[in-house]
Structures are given as C-alpha cells and as structure tokens.
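One structure is given here, and the rest of the page talks about it.
The values are calculated or read from the model by the stated rules, or taken from the named source; none is laboratory data. Small disclaimer: the values here were computed from a predicted structure and weren't measured. Here the Cβ is made from the backbone with ideal geometry for all residues, glycine too, and neighbour counts use every protein chain on show.
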Amino acid sequence: MALLEIKKYPEKILKEKTAPVVDINSSIQRLIDDMIETMYAAKGVGLAANQVGVSKRLCVIDISVADEKTPLIVLINPEIVERKGSVEDEEGCLSIHEYRAKIKRAEEVLVKGFDRKGKPIEIAGGDLLARALQHEIDHLDGLLFIDRLSPIKREFFKKRYKKTLSEKSKKS
C-alpha cells in the first residue's frame with residue numbers, strides 16, 4: 001500500500017466528472033487500498049478517486065470517528081437515488097485545506113452502487129453519513145463543497161484562499 005498525493009483546489013481534475021469503473025480488477029483493488037490508507041493518514045472521513053488524481057467513479061468513507069458502529073464503506077459507481085429533508089452543517093475537505101463552511105445538504109440519502117467485490121449495495125444514511133456520501137459523490141461529479149456556497153461567500157473564499165496560498169509560498 002502507498003500514500004497518494006491529495007490534489008488541492010484549484011487543480012483541474014477536481015472539477016471534472018469522473019468516469020464509471022467498468023472493470024473491478026487488481027489495479028482498482030490496489031487503488032482502493034491506497035485511498036483508504038491515504039484517507040486515514042490525512043485524518044479524513046472520506047476520499048474520492050479524483051482527489052488522488054484518478055478519474056474513476058470510486059470513493060471510500062469511514063465515519064467511525066463519529067459513529068463507531070458504521071463500518072468502512074467502499075463505493076464504486078455510486079448514485080444518490082433518494083433525498084429527504086434539509087440540514088445545514090459545517091463541512092471541510094481534504095482538497096481545500098484549512099477551510100470550513102456551513103453547507104446545506106439533504107438530511108437523509110439513499111445511495112446505490114457496488115462494493116469492492118462488484119456486488120450491488122444500497123446505503124441509507126442520515127447525519128454525518130448522509131453528509132459524507134453527498135460530499136464524496138459531489139467530488140465524483142466534479143463539484144466541491146465551495147460550489148454549494150452562495151456566490152458572495154464563494155468569492156470571499158477564493159480571495160481568502162489565494163491570499164493564504166501566497167502567504168504560504170512566501171514562507172517557503
């Protein structure tokens with residue numbers, strides 16, 4: 001297993017819709033293992049393949065930090081088939097380091113996809129699981145959580161983020 005480089009905003013691959021996984025072969029299995037290791041090393045609760053530079057419809061999620069009964073989830077070609085309610089809560093992203101914002105999402109979701117063995121699965125989730133599922137599937141659709149901010153808040157974020165990046169480059 002290997003740690004993968006997490007792509008950072010504004011890298012182009014983060015804004016591109018990913019391609020479906022058509023063959024769950026050994027390279028996909030290795031990618032899944034590397035993504036899991038990378039997610040844990042970065043202390044994240046989810047990671048999409050395009051966040052590590054691979055344009056495949058694949059993500060891993062582990063919300064056991066908040067709900068230890070929920071096992072690690074590997075989702076291949078996930079799609080949200082049902083949404084219920086609405087809730088606003090704070091979100092962050094491994095690709096947008098050190099920025100968090102309140103984002104409105106569905107309170108509950110039903111997701112269909114395939115597990116790492118290619119078996120069809122359905123996952124119903126609320127709370128953090130619903131938020132993580134929506135966040136990672138957004139990644140696979142080329143959306144970042146900042147795309148869900150109001151235009152004014154998004155512009156404020158972009159200015160602040162550019163300033164933070166330029167300050168970091170001056171220090172190094």
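Annotations for the structure displayed:
- Of the residues making up segment 87-140, those that are among the charged types (D, E, K, R), outside any strand (DSSP E or B), in contact (Cβ under 8 Å) with a residue 24 or more places away in the chain and within 15 Å of Ile61 (Cα to Cα) number 5.
- Residue in segment 34-42 that is more than 13 Å from Glu5 (Cβ to Cβ) and not in a helix (DSSP H, G or I) present: no
- Segment 133-156, residues that are of a type in the set (Val, Ile, Thr) and under 16 Å from the mean Cα position of the chain (by Cα): Ile137, Ile146
- From the list Glu98, Glu167, the lone residue that is under 17 Å from the mean Cα position of the chain (by Cα), loosely packed, with under 11 Cβ neighbours inside 10 Å, acidic (Asp, Glu) and at pLDDT below 95 is Glu98.
- So Phe156, is it hydrophobic (A, V, I, L, M, F, W, C), modelled with pLDDT under 95 and either buried (at least 18 other Cβ atoms within 10 Å of the Cβ) or more than 22 Å from Ile32 (Cβ to Cβ) (or both): yes
- Taking segment 112-130 as the range and being more than 14 Å from the chain's Cα centre (by Cα) and closer than 30 Å to Lys158 by Cβ as the test, only Asp127 passes.
- Condition check for Ala49: of a type in the set (Gly, Ala, Ser) and either touching a residue at least 60 places away in the same chain (Cβ under 8 Å) or crowded, with 18+ Cβ neighbours inside 10 Å (or both): yes
- Selected residue [in contact with a strand residue (DSSP E or B) (Cβ under 6 Å, 6 or more places away or on another chain), surrounded by fewer than 16 Cβ atoms within 10 Å (Cβ to Cβ) and not polar (S, T, N, Q)] from Glu88, Glu68: Glu88
- When the residues of segment 133-148 are filtered to those that are in contact with an Asp or Glu (Cβ under 9 Å, 6 or more places away or on another chain) and not charged (D, E, K, R), the one that is surrounded by the fewest Cβ atoms within 10 Å (Cβ to Cβ) is Gly142.
- Filter result (of a type in the set (Val, Ile, Thr) and within 25 Å of Ile80 (Cβ to Cβ)) within segment 129-172: Ile137, Ile146
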